[in-house]
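Just below is one structure, and these are the notes that go with it.
The values are calculated or read from the model by the stated rules, or taken from the named source; none is laboratory data. Bear in mind that the values here come from a model prediction, so they are computed numbers and not experimental data. FYI the Cβ positions are ideal-geometry reconstructions off the backbone, even for glycines, and counts take in every protein chain you see. With ligands, DNA and RNA removed, areas are computed over all heavy atoms of the protein, side chains included. Shrake-Rupley method; radii C 1.70, N 1.55, O 1.52, S 1.80 Å.
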Amino acid sequence: MNTTISTSPSNDSTWEGGNRPFRASYGKLMMWFFIVSDALTFSGFLAAYGFSRFKYIDYWPIADEVFTHVPFLHGQELPMIYVAFMTFILIMSSVTMVLAVDAGHEMKKNKVIWYMFFTILGGAIFVGSQAWEWATFIKGDYGAVQTKGGNILQFGEYKNVNGERVFKRVPVEDFTIAAASERIQHESKKGIWFSSESSLPEFSVGDIYKGLNSNPDILVRTQTINSGGEKTVLSREESLIQLKKNGKRYVKGANLEVNEYGVPLFADFFFFITGFHGFHVFSGVVINIIIFFNVIIGTYERRKDYEMVEKVGLYWHFVDLVWVFVFTFFYLV
Amino acid sequence: MAEHSHKLEIFRGLIKFKSNTQKIWGVLLLLSIVTAIEVVLGIYKPAILMTPSMSPFEGGFTATLLNILFSAFIYTKSLNLIFIVLTIIKAYYITWDFMHMRDETKSLRRVVVWTAVFLICYLIFILLQEGGYIESIYDNGFIKRDF
């Protein structure tokens, strides 16, 4: 114990600095300080998410309809499954971390190495999964039309699934044929040299209207949530009128500006909160790797104290703790 | 290392583990069960749980006070309330057993938990209250956002 800086006061009397507040070492206490302040940061984000959600309580996207994808299972709607898997991976890596801490207390170097290795592996799988989740969300799947007021009109039709009449979304490209357009993307090399625009949408609202008009089964769904907790589906006439009168542009997928699933703020908060959390996981993995190599070269063996593993462990568990809340408020509630 | 002694019972002593390793696996089992319950409820969404469990009190000042007191049951869907409670349970076991809060001194526990819980509750109250107010303006006010 006496080889570490934090735990080697030469004088043990209280007024000479020999007393350790809360009987915790300096490093652990500072880690707790950091965790409390970081917890408040995350609470700020999640509370802001709650604010926006309360503000648009009747229009907010339904998470189960947004996050339905699982890698390698194309075209199947499996809400929750993949996030549940991610949650489990993170809890598992928390367990291997706490086992590493435990092995450290018993000074079993090889066990610490292996448990740290599995923790890092779990963290890497989690970050990878989150990247995949982002990519899927950005890509989108059905496409929608944004109205002049910034609302989203989605398309779909009623189908019989197991004897029940269910509204299923239909991809816009399935019923729309892009008409030849005069309009080409304005690039700085073609027009005025100091201005350009991003790529043009695949379809114009006029194309989509034609497509909708010639497919009598397809209806428009708005983002308003009705008393049954589902999004409102318009009648055929209303669908046509709504698209003609208010349709502004075709959108597919989600970014910071538009979101084919509904309120753009949903996408903004998703990117911001899961992004900030993912960054924490990433830094956790990096810190774990540093400590992992320190364990391998025997730094803590020589120090006769594995407290460093415990300190990064605290951080790692905190990341897991935050995910538990993100999981609840983004995917469940 | 005498100072690394662990408290090995959970559920207020109902379950006592033989070693710290065993306790870790026990807590993992508990967290997995809670997550599984959440996922199953999230997928099936039982119809009974999709509405709040109490209806608001009608009447004067007392009714208002009662509505505030029971707001979690009156204004939140039972399902969401269950999710929040289960989340807090998970958070408790992660902090207490994985982060070894159970083995720290009472004072450290209080400094960390009470500070965070107080400030977070305050933050949530303020922001959700304000969000609800703005929603009511959109819903009942003169200015509409749906064109």
Rounded accessible area per residue of the range B:2-103, 1.4 Å, Å²: 58
Once the Cα atoms of helix A:236-246 and of chain A are each reduced to a long axis, what angle between those two axes, in degrees from 0 to 90 to the nearest 10, is obtained? 70
How high is the relative contact order of the range A:144-252, given as a whole-number percent (alpha carbon pairs under 8 Å, six or more residues apart)? 35
List the lysines whose alpha-carbon lies under 25 Å from that of A:Lys245, not counting same-chain residues fewer than 8 positions away? A:Lys148, A:Lys168, A:Lys210, A:Lys231, B:Lys144
Too long at a 20 Å Cα-Cα cut-off: which of A:Lys28/B:Lys106; A:Lys28/A:Lys304; A:Lys189/A:Lys248; A:Lys111/A:Lys311? A:Lys189/A:Lys248
Euclidean distance of C-alpha centroids, the range A:149-166 and the range B:56-97, integer Å: 33
Considering amide H positions built from the backbone, and no H for Pro or chain starts, which residues 5 or more places from A:Val263, or on another chain, come under 5 Å of its amide H? none
Debye calculation, C-alpha points only, no solvent: report log10 I(q)/I(0) for the range B:2-103 at q = 0.15, 0.21 Å⁻¹, in the same order as the q values. -0.76, -1.01
In the A-B interface, the accessible area buried, summed over both sides, Å² (probe 1.4 Å): 4900
Model label zone, A:Phe118; criterion: amide N under 11 Å from point 7 Å along Cα-to-beta-carbon; scope the range B:8-50: B:25
By the Kirkwood definition, with r running over pairs of different Cα atoms, the range A:144-252 has a hydrodynamic radius in Å of 15.4
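Ranked by accessible surface with a 1.4 Å probe, highest first, in what order do B:Tyr92, A:Tyr250 come? Provide the component values of the computation, followed by the final result.
Working: B:Tyr92 90, A:Tyr250 15 Å².
Ranking B:Tyr92, A:Tyr250 by accessible area, largest first, yields B:Tyr92, A:Tyr250.
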Could you compute the FRET efficiency for A:Thr224 and A:Glu164, with r as their C-beta to C-beta distance and R0 at 22 Å, rounded to 0.05? 0.50
Provide the per-residue ³J(HN,Hα) series for the range A:303-310, in order, calculated from phi with Karplus coefficients 6.51, -1.76, 1.60 and θ = phi - 60°, each as a whole number of Hz, with x at glycine and proline positions. 6, 6, 7, 9, 5, 4, 4, 5
State in Å² the accessible area per residue of the range B:105-147; use a 1.4 Å probe, count heavy atoms of protein chains only, and round to the nearest integer. 75
Using amide H atoms built in the peptide plane, which far-off residues or other-chain residues are under 5 Å from A:Ala254 H to H? A:Ile138, A:Lys139, A:Gly140, A:Glu260
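Report Rg/Rh for the protein assembly as shown, rounded to two decimals, where Rg is the Cα radius of gyration and Rh the Kirkwood radius.
My calculation puts Rg/Rh at 1.04.
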I need the fraction of alpha carbon pairs in the range B:71-147 separated by more than 18 Å, rounded to a whole percent. 62
Mean-position separation - Cα centroids, the range A:60-91 and the range A:267-333, in angstrom: 23
Which whole-Hz couplings ³J(HN,Hα) result when phi for each residue of the range A:64-77 is put into the Karplus expression 6.51 cos²θ - 1.76 cosθ + 1.60, θ = phi - 60°, listed in order with x for Gly and Pro? 5, 8, 8, 9, 10, 9, 10, x, 6, 10, 6, x, 9, 9
Taking all protein chains in place and a 1.4 Å probe, what share, in percent, of the accessible surface of the protein assembly as shown do carbon and sulfur account for? 64
With only Lys, Arg, Asp and Glu charged, each at its Cβ (+1 for the first two, -1 for the last two), find how big the charge dipole of chain B is about the Cα centre; round to the nearest 20 debye. 560
Gyration tensor over alpha-carbon atoms, the range A:36-169, equivalent ellipsoid semi-axes in Å: 40, 21, 12
When the solvent-accessible surface of protein heavy atoms is calculated with a 1.4 angstrom probe, in what order do B:Lys23, A:Lys252, A:Lys55 fall, highest first? A:Lys252, A:Lys55, B:Lys23
Could you order the peptides A:306-318, B:52-64, A:153-165 from most to least packed, using the average number of other C-beta atoms within 10 Å per residue? A:306-318, A:153-165, B:52-64
C-alpha long axis of helix B:20-44 to longest principal axis of chain B, angle in °: 20
Amide H neighbours of A:Phe155 at under 5 Å, excluding residues fewer than 5 places away on the same chain, with H built from the backbone geometry, are A:Val170, A:Arg221
Residue-ordered couplings for the range A:129-145, obtained by feeding phi - 60° into the Karplus form 6.51 cos²θ - 1.76 cosθ + 1.60 and rounding to whole Hz (Gly and Pro as x), are 4, 5, 4, 5, 4, 4, 4, 5, 5, 5, 5, x, 9, 10, x, 7, 10
If one builds a Gaussian network model of chain B from Cα atoms under 10 Å apart, the most fluctuating residue listed among B:Ile137, B:Ile15, B:Ile82 is B:Ile137
Give me the one-decimal nm value for the distance between modelled label points at B:Tyr75 and B:Leu29, 7 Å along each residue's Cα-to-Cβ direction. 4.1
